[in-house]
Amino acid sequence: MTDQNDLDTLAAEFVLGTLPTKERADVASRRANDPELDALILAWEDRLVPMMEDVAPVQPGPDLLARIEQRLDELESTGSSAAEPPHLATVTVLRNRIRRWQLSTAVASVAALVLVAVLAFQPAQQPQSFVAVFQHDDQQPAFMLTVDLESRQMNVRPVTAEPPTQGKSYQLWIKADELGPDPRSVGVLTNNMTIDESALRQYDPELLREATFGISVEPEGGSPTGKPTGPAIHGYLYPTEARDSGQSL
Amino acid sequence: MDSESKQSTEELRTHPEHPGEAPTVTSQDISALIGRVVQRDRAAFATLYHATAPKLLGTVLRILRDRAWADDVIQDAYIKVWQKADQFDAAKASPIAWMASIARNSAIDELRKHPARRGAGDEDLDQLPSAQPTAQAQLEDQQAVNSLNSCIDQLDKDRQDMVRLAYLNGWSRDELAAHFDQPVNTVKTWLHRALKQLKRCLAP
């Protein structure tokens with residue numbers, strides 16, 4: 001058996017979980033300074049992870065995320081100032097933006113402000129692809145909207161949202177300063193929760209980058225007034241500043 | 001968030017108790033979310049949690065068989081995800097494998113430290129072999145699942161069970177030796193052979 005072979009077997013058993021405690025701890029500390037061992041471990045994790053198909057998901061209790069976030073708050077507040085969140089300002093801008101939409105539309109009383117998680121697809125080679133997440137509350141993502149700014153193709157997918165009740169439809173809206181004060185309809189989602197992927201092609205990428213998106217519940221077939229009439233949740237394509245920070249996936 | 005805003009979104013029908021069941025969160029989404037977490041984006045972190053926590057909790061719970069204990073391990077695991085997100089390298093690992101390894105490693109370390117804390121485990125063997133595929137959302141790539149299952153199926157029956165009991169249930173070499181009534185060194189040898197056979201079988 002060659003050394004390489006031994007090392008691979010060590011990595012395999014580390015991932016399987018069967019190494020004796022002492023050996024396991026040795027491997028865990030050694031991998032930090034041993035790229036070869038680390039790479040072998042990563043390869044075994046990829047090989048074996050499909051076994052998790054077997055594991056039935058278990059819904060965490062409602063408090064667990066709050067506990068985790070509280071712990072993060074504690075860690076961040078005691079951490080160095082270097083941990084300053086680089087995009088806090090952007091999130092604040094986003095929230096203000098949504099408030100502005102609320103205030104500027106007649107449906108403000110029904111269009112709820114819901115926390116919006118916004119994130120960018122930023123694989124190094126494809127910075128023109130973005131995603132907005134529409135969240136029902138602080139916790140549940142309802143829809144994800146992905147937009148490729150170059151091709152202006154988009155895709156809406158439900159995450160926790162279920163098909164609308166009988167006689168109702170979901171409708172996607174876009175709101176941007178250039179489009180005036182009111183949201184403009186992008187389209188009505190089909191009963192299968194899909195939408196015409198090219199429905200954004202009339203908008204230029206710069207506008208899309210700055211736009212806010214909303215999804216509202218409307219009478220079947222879409223809003224009769226041309227404006228959102230039902231409760232809405234909002235998403236926003238994350239702006240591209242993130243690319244300048246040197247972060248990439 | 002005021003009560004009015006909560007109320008007004010109720011018409012958006014959801015099944016928040018089963019967010020993992022919508023077959024819509026892809027590996028690419030998870031990678032994107034981890035990328036946002038690197039940017040210290042808490043909302044993305046919450047989304048990442050909701051997309052992955054049910055699976056990871058199921059995984060950890062199956063190893064530890066104690067809900068409070070599993071919750072603690074999941075908490076630690078997500079803290080590590082937050083802290084180590086910048087170490088995730090999509091070129092080297094799938095995001096699911098990366099997150100699963102953080103949770104599993106924590107669970108197994110805990111189990112080895114406090115083996116007596118684990119609940120009774122008569123059901124471990126009942127859970128084998130693999131359950132039928134479900135309609136649940138899969139974070140795993142189905143093709144990879146099929147390949148691995150078919151390779152595991154080619155192992156001797158005892159070795160199939162050993163691999164699954166170790167990976168999914170956190171059984172140690174000693175526990176496997178006791179159950180299969182073999183010396184520990186024999187179990188070690190069987191595991192090594194099984195793993196090598198799996199690697200050969202999975203090689204492209």
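Looking only at region A:156-181, filter to residues that are assigned to a strand (DSSP E or B) and aliphatic (A, V, I, L, M); which one of those is nearest to the other protein chains (Cβ to nearest Cβ)? In this case the residue turns out to be A:161. Among the conditions (1) at pLDDT below 55; (2) surrounded by fewer than 20 Cβ atoms within 10 Å (Cβ to Cβ), residue A:122 misses just one, which is (2). Looking at region B:26-107, the helices (runs of 4 or more DSSP H) lying wholly inside it that each contain 2 or more residues that are closer than 24 Å to residue B:165 by Cβ and without any contact (Cβ under 8 Å) to a residue 12 or more places away in the chain sit at B:42-64, B:67-84. Within region A:182-197, being over 20 Å from residue A:228 (Cβ atoms) and either outside any loop (DSSP other than H, G, I, E, B) or in contact (Cβ under 8 Å) with a residue 40 or more places away in the chain (or both) holds for one residue alone: A:197.
Tell me, which residue of region A:133-153 that is more than 7 Å from chain B (Cβ to nearest Cβ) and surrounded by 24 or more Cβ atoms within 10 Å (Cβ to Cβ) is modelled with the lowest pLDDT? By that ranking, first place goes to A:135.
For region A:32-60, a tally of residues being free of Cβ contacts under 8 Å to residues at least 24 places away in the same chain, of a type in the set (A, V, I, L, M, F, W, C) and more than 24 Å from residue B:74 (Cβ to Cβ) returns 1.
Each row is one residue, and each column tells you yes or no for (1) farther than 21 Å from residue B:31 by Cα; (2) more than 10 Å from chain A (Cβ to nearest Cβ).
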{"residue": "B:63", "(1), (2)": "yes, no"}
{"residue": "B:71", "(1), (2)": "yes, no"}
{"residue": "B:74", "(1), (2)": "no, no"}
{"residue": "B:84", "(1), (2)": "no, yes"}
{"residue": "B:87", "(1), (2)": "no, yes"}
{"residue": "B:110", "(1), (2)": "yes, yes"}
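For region A:46-68, residues that are in a helix (DSSP H, G or I) and facing chain B (nearest Cβ under 7 Å) total 13. Given the conditions (1) more than 8 Å from every other protein chain (Cβ to nearest Cβ); (2) buried (at least 23 other Cβ atoms within 10 Å of the Cβ), and given that residue B:78 satisfies all but one, which numbered condition is not satisfied? If we test residue B:78 against (1) more than 8 Å from every other protein chain (Cβ to nearest Cβ); (2) buried (at least 23 other Cβ atoms within 10 Å of the Cβ), just (1) comes out false.
The values are calculated or read from the model by the stated rules, or taken from the named source; none is laboratory data. These figures come from a predicted structure and were not determined experimentally. In this analysis, Cβ positions are derived from the backbone assuming ideal geometry, glycine residues included, and neighbour counts consider all displayed protein chains.
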